[in-house]
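Okay, so here's the structure we're looking at.
A short reminder: the numbers here are calculations on the coordinates, not readings from a lab. Note that the structure is predicted; figures quoted are calculated from it, not measured. Methodologically, a virtual Cβ is constructed for each residue, glycine included, from the backbone with ideal geometry; neighbour enumeration extends over all protein chains shown.
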Amino acid sequence: GDLAHRQSISIRATLDPALPIITGDKVQFQQVLMNLMLNGIEAMMEGDGELNISSQKTDDAELLVSISDTGTGLPVQDPERVFDAFFTTKTHGTGMGLSISRRIIESHGGRLWASNNVPRGAVFQFAVPIGPRTPA
């Protein structure tokens with residue numbers, strides 16, 4: 001709260017009220033959300049910005065969460081590079097947060113990806129299966 005407030009960043013959440021139950025480690029999902037939100041807030045340190053979080057159920061019975069910011073954006077050539085373990089665009093970042101987040105989501109049978117936001121900033125999205133996991 002404090003960090004966002006000081007930077008005059010507004011955070012808007014548009015969450016599907018009929019959100020399904022996902023089976024998985026709640027703590028790990030919270031860690032991923034925190035990672036992605038902090039990432040977005042840090043990308044907007046230059047000034048004002050807006051962080052949008054939305055969640056919805058897809059037709060493929062997945063929960064899709066997207067977090068977009070109006071910050072510095074991703075490497076245009078290769079946005080996926082941000083998931084490399086030690087790639088970072090931040091002065092103080094280790095670049096670990098995103099690779100760990102991706103590993104957590106994939107361990108729950110989901111996927112996490114990034115794209116550039118229009119007109120500026122980045123969008124991180126992850127989709128995880130809803131409902132009881134069927135053993136592989």
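Some observations on this one:
- Report note on the peptides 66-74, 45-53: ranked by the mean count of other C-beta atoms within 10 Å, highest first, their order is 66-74, 45-53.
- Taking a point 7 Å out from the Cα of R12 in the direction of its Cβ, the residues of the stretch 34-76 whose backbone N falls within less than 18 Å of it are 37, 40-41, 44, 48-56, 65-72.
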